[in-house]
Amino acid sequence: MREDCASQQGHVTAVYPDRVVVSFVQSSACSGCHAASACTMLDHKRREVTIYNPQELFVVGDRVEVKVQNSVGIRAILLSFVLPLAILLLVAVSSIKLLELKEGISILLSFVSVAVYYFILSFFTPHLREKLSLTLYKISKTNPQ
């Protein structure tokens, strides 16, 4: 049975009243293959993600699992990559073909239109933060040494 979410394990590095910062190690795609032992530490990157309004109380050092629904990931990709690309191409093609502008001006107009899109999108950050949220689950608490 296929899961409808992706998950990553990490640990809590900072706790604030409205958010929790989780750090985890992101491995390259080849880290799961049979030659993974030959890979270097350059294939691993430390990443941090901020989860807003967590449902549980967390402390620094807690081992956690961050989950994201596939539908949330698809929606985020559409808003951040696909839609801007469509706007860029639509404005470029229509300004060249319909308005008969020169290519340089059309490209500039395309970039400005994408910048305007991202500017407008920034006003919806609180709403998007709710809709595109990650879920945080506690695995275990780190033992003090």
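The values are calculated or read from the model by the stated rules, or taken from the named source; none is laboratory data. These numbers were taken from a predicted model, which means no experiment stands behind them. In this analysis, Cβ positions are derived from the backbone assuming ideal geometry, glycine residues included, and neighbour counts consider all displayed protein chains. Just the protein is used for accessible areas: all its heavy atoms, side chains included, with ligands, DNA and RNA removed. Shrake-Rupley method; radii C 1.70, N 1.55, O 1.52, S 1.80 Å.
Taking amide hydrogens as modeled 1.01 Å from N in the peptide plane, which residues meet the under 5 Å criterion relative to residue 5, leaving out close sequence neighbours?
70
Taking 0.36 nm per residue of sequence separation and subtracting the Cα-Cα distance, how much length would be gained by fully extending the chain between residue 26 and residue 123, in nm to one decimal?
Values: separation 97, 0.36 × 97 = 34.92 nm, distance 3.02 nm.
That works out to 31.9 nm of additional length.
Given a Förster distance of 25 Å, report the FRET efficiency between residue 45 and residue 103 from their Cβ-Cβ distance, rounded to the nearest 0.05.
Numbers: r = 38 Å, r/R0 = 1.52.
Rounded to the nearest 0.05, the efficiency is 0.05.
First compute the accessible area of region 52-137 with a 1.4 Å probe, then give the percent of it belonging to carbon and sulfur atoms.
Details: 4400 of 6160 Å².
Ligands and nucleic acids excluded, carbon and sulfur give 71 percent.
Let me have the relative contact order for region 54-143, percent, based on Cα pairs under 8 Å that are six or more residues apart.
On the way: 68 pairs, mean separation 53.2, N = 90.
Relative contact order comes out at 59 percent.
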